[in-house]
Amino acid sequence: MKTDFLIIGSGIAGLSAAIELGSYGSVLIATKDRYFESSSSYAQGGIAVVIGEDDTIAHHMEDTLRAGGGLCRKKAVSILVREGPSFVEQLIRWGAHFDKSDGEFLIGLEGAHSRRRILHFKDSTGEEIVRVLREKALENPKISKLPKHFVIDLMIREESCVGAVLLNEESGEICPVIAKATILATGGAGQVYRRTSNPPGATGDGIAAVYRSGGILSDMEFIQFHPTIFALPGAPSFLITEALRGEGAVLRNIRKKRFMPDYHPLGELAPRDELSRAIVSEMKRSGGEYVLLDATSIRPAILKERFPTAYTACLRYGLDITKDLIPVSPGAHFMIGGVETDTWGRASIRGLFAAGEAASTGVHGANRLASNSLLEGLVFGARTGIAAADFAKGHRIPPGIKLKASDLKIQAQHHTSASLKTAQLNRTRDEIKKTMWDHVGIIRSATSLENALKEIDLQASLMDPYGVNRNELETLNMLTTAKLIVLSALKRRESVGAHYREDFPLWGGKRRHIRVRVS
Ligand SMILES: Cc1cc2nc3c(=O)[nH]c(=O)nc-3n(C[C@H](O)[C@H](O)[C@H](O)COP(=O)(O)OP(=O)(O)OC[C@H]3O[C@@H](n4cnc5c(N)ncnc54)[C@H](O)[C@@H]3O)c2cc1C
């Protein structure tokens, strides 16, 4: 297959790039799942944007920089907060709904924001935004979609990216797609942790593929843990939105005592990393695998109207949040680092661009301000589209490019016998998740990280890297991504933002970004 632009991923970043690129040539959006499956579709709380009368661009910038703990790239933050409002206005013109009362937008407050600036649509904001972007993208005949196609590796010729190798998940066929420019918008990797808010597809595929191709990744040690993931024993994990705390829900330990005021002056609205650490301490102190979120002070009508996703999901497990307390624990939520790019999404490999959660623009520094990532996907997705169009100008699709054995770096690396059985793969995944949760979670140390490294290497040595079904490929990508997180976490011998080392509890004030690439 040939296309002018290959976009990998149909979340907010991929769609935003596609809409931009639709006027410059043919666009193919490849996704490994159904077309609408992505973290973006599950985003609940909202999108941060300067809209309130008492808010300013400078305030949004200040809050983002403060959350980022001194490691944000200021230029990227300035672009995000300045360009954000016009992108959100455009979304509204295209038909996106955000909650209103008496014709005025209801603007929410979330942790570490000094002003109300969160636009939301009930507690399914992501789904609403993706709906509008999807409709807008597909009304352009130049944009086509290729669901159920798993991108295995990038195709590199003369140090430039010329497309990617895809696995058709239904037929099992391997097909190369040649493109003038390739945009990676493959999202995060929460699945490497035992408890996560992320959907099953968040396995770090794009990040691992770029690593295998020799591209630069940065800030991989920064994983944001969301403080309130549903943690009822025996039930699946899912996110309990932060907006509940913005509306007045409080955290209690298992003895039902409110504890956050003892840990932070902002109480339940403290930055996510501090809140997560406080919860872990409180779980250790009071015993138990969870703490309790108490939303009973919020009027039942508001809970049901404004938080239908949380209300119905908890009800499914026998909890009525208008009366019952919700068991919660921190869980992996957002990948701050990823494929290093400039503010136009250009990665270190020519012809390759990255946007959204898979990219590392430096906009979040050491920690992401809540609800800044949907905005990031929207703004930087579009900028990446503009840069890719510019790159492709006067650039022909190189003729005569054929699939080579070396394009499949996973297969080329090792070649052993038969594929592992699903049960074995699932065991490997469980080991990765457990290792990362126990040793590379909210509180880390050199000892815990070295233990993790040994376990990941052991698991990798048991894998058969030859297999090319989706389960095997994802598990290999999880191993690679997990290892990159550990190696970066070992290198950062200080505590800052989402990275906390108990052996180096203070920030050394180093404004450096930790980079990793194949040596
Ligand atoms: C439960 C939840 C709630 C959240 N709430 C908020 C919120 O309220 N506000 C906010 O700002 N942020 C929120 N976030 C974070 C935010 O949703 C994500 O950071 C953002 O949507 C990521 O968008 P993206 O386009 O980069 O990636 P995604 O939306 O994750 O999309 C990734 C795409 O890549 C595809 N893909 C991945 N690997 C491959 C492969 N190998 N081959 C082909 N395709 C592939 C996937 O199928 C998918 O289409 C939330 C996240 C979660 C999980």
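The values are calculated or read from the model by the stated rules, or taken from the named source; none is laboratory data. As the structure is a computational prediction, the values presented were derived from the model and not from experiment. Don't worry about glycine lacking a Cβ; one is built from the backbone with ideal geometry, like all the others, and counts go over all protein chains shown. We work out accessible area using only protein heavy atoms, side chains counted, and drop any ligands, DNA or RNA first. Shrake-Rupley method; radii C 1.70, N 1.55, O 1.52, S 1.80 Å.
Would you call Leu315 surrounded by fewer than 24 Cβ atoms within 10 Å (Cβ to Cβ), of a type in the set (A, V, I, L, M) and without any contact (Cβ under 8 Å) to a residue 40 or more places away in the chain? In short, yes.
Scanning region 461-519 for residues that are over 29 Å from Val280 (Cα atoms) and of a type in the set (Gly, Ala, Ser) yields a total of 3.
Only residues that are under 15 Å from Arg368 (Cβ atoms), charged (D, E, K, R) and open to solvent by less than 30 Å² (accessible area, probe 1.4 Å) were counted across region 43-90, and they come to 1. You will find that of Ile321, Ile326, the residue that is free of Cβ contacts under 8 Å to residues at least 40 places away in the same chain and crowded, with 18+ Cβ neighbours inside 10 Å is Ile321 and no other. Restricting attention to region 495-519, the residues being touching a Gly at 6+ places or on another chain (Cβ under 6 Å) and on the phi > 0 side of the Ramachandran plot number 1. Looking across region 67-92 at every residue that is in contact (Cβ under 8 Å) with a residue 60 or more places away in the chain and of a type in the set (Lys, Arg), the one that is farthest from Arg272 (Cα to Cα) is identified as Lys75.
When you check Ala498 against the structure, is it away from the ligand (no atom under 16 Å from the Cβ) and among the hydrophobic types (A, V, I, L, M, F, W, C), yes or no? Judged against the criteria, Ala498 is not a match. Close Cβ contacts (under 8 Å, 6 or more residues apart or on different chains) running from residues in region 467-479 that are among the basic types (Lys, Arg) to residues that are in a loop (DSSP other than H, G, I, E, B) and within 12 Å of the ligand (Cβ to nearest atom) comprise Arg470/Lys32; Arg470/Glu169. Please work out if Met220 is in contact with a Leu (Cβ under 7 Å, 6 or more places away or on another chain) and within 16 Å of the ligand (Cβ to nearest atom). It is true that Met220 is in contact with a Leu (Cβ under 7 Å, 6 or more places away or on another chain) and within 16 Å of the ligand (Cβ to nearest atom).
Cβ separations smaller than 8 Å between residues 6+ apart or across chains give the following pairs from region 176-189 residues that are closer than 15 Å to Asn477 by Cα to residues that are open to solvent by less than 10 Å² (accessible area, probe 1.4 Å) and hydroxyl-bearing (Ser, Thr, Tyr): Ala189/Thr203; Ala189/Thr481. Within region 243-262, the residues that satisfy the criterion of being closer than 18 Å to Lys284 by Cβ and among the aliphatic types (A, V, I, L, M) are Leu251, Ile254, Met260.
Of all residues in region 336-363, those satisfying the criterion of being open to solvent by less than 10 Å² (accessible area, probe 1.4 Å), closer than 19 Å to Phe87 by Cα and under 12 Å from the mean Cα position of the chain (by Cα) are Ala355, Gly356. Within region 28-48, residues that are closer than 12 Å to Thr186 by Cβ sit with their Cβ atoms under 7 Å from residues that are charged (D, E, K, R) and near the ligand (Cβ under 6 Å from one of its atoms), at 6+ positions apart or across chains, in these pairs: Ser39/Glu357. Among the residues of region 1-17, those that are within 6 Å of the ligand (Cβ to nearest atom) and not aliphatic (A, V, I, L, M) comprise Gly9, Ser10, Gly11, Gly14.
Here is a yes/no grid of residues against (1) buried (at least 18 other Cβ atoms within 10 Å of the Cβ); (2) part of a helix (DSSP H, G or I):
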residue: Arg245; (1), (2): yes, yes
residue: Asp262; (1), (2): no, yes
residue: Ser276; (1), (2): yes, yes
residue: Ile279; (1), (2): yes, yes
residue: Leu292; (1), (2): yes, no
residue: Ala301; (1), (2): no, yes
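Please determine, by comparing only the residues of region 164-176 that are away from the ligand (no atom under 11 Å from the Cβ) and assigned to a strand (DSSP E or B), which one is surrounded by the fewest Cβ atoms within 10 Å (Cβ to Cβ). Per the stated criteria, the residue is Asn168. Within region 180-217, the residues that satisfy the criterion of being within 9 Å of the ligand (Cβ to nearest atom), assigned to a loop (DSSP other than H, G, I, E, B) and among the hydrophobic types (A, V, I, L, M, F, W, C) are Ala185, Ala202. Against the condition away from the ligand (no atom under 11 Å from the Cβ), modelled with pLDDT under 95 and not polar (S, T, N, Q), how does Arg383 come out, does it pass? Here the answer is no, as Arg383 does not meet what is asked. Looking at this structure, is Arg396 more than 30 Å from Leu71 (Cβ to Cβ) and touching a residue at least 24 places away in the same chain (Cβ under 8 Å)? When the stated conditions are applied, Arg396 passes them. Residues satisfying the criterion are present in region 399-414 (criterion: surrounded by fewer than 21 Cβ atoms within 10 Å (Cβ to Cβ), out of contact with any strand residue (DSSP E or B) (no Cβ under 8 Å at 6 or more places or on another chain) and among the hydrophobic types (A, V, I, L, M, F, W, C)). Of the residues making up region 136-150, those that are out of contact with any Phe, Trp or Tyr (no Cβ under 6 Å at 6 or more places or on another chain) and more than 14 Å from the ligand (Cβ to nearest atom) are Leu138, Glu139, Asn140, Pro141, Lys142, Ile143, Ser144.
Among the residues of region 114-134, which ones are within 23 Å of the chain's Cα centre (by Cα) and open to solvent by 20 Å² or more (accessible area, probe 1.4 Å)? Within region 114-134, Phe121, Lys122, Ser124, Glu127, Arg131, Arg134 qualify.
Restricting Leu133, Leu138 to residues that are without any contact (Cβ under 8 Å) to a residue 12 or more places away in the chain, in contact with a Ser or Thr (Cβ under 9 Å, 6 or more places away or on another chain) and closer than 30 Å to Leu473 by Cα narrows the list to Leu138. Total residues in region 329-376 satisfying the condition of being away from the ligand (no atom under 15 Å from the Cβ) and either assigned to a loop (DSSP other than H, G, I, E, B) or free of Cβ contacts under 8 Å to residues at least 60 places away in the same chain (or both): the figure is 10.
Here is the figure for region 494-512: residues that are surrounded by fewer than 20 Cβ atoms within 10 Å (Cβ to Cβ) and either in contact (Cβ under 8 Å) with a residue 40 or more places away in the chain or not in a loop (DSSP other than H, G, I, E, B) (or both) total 6.
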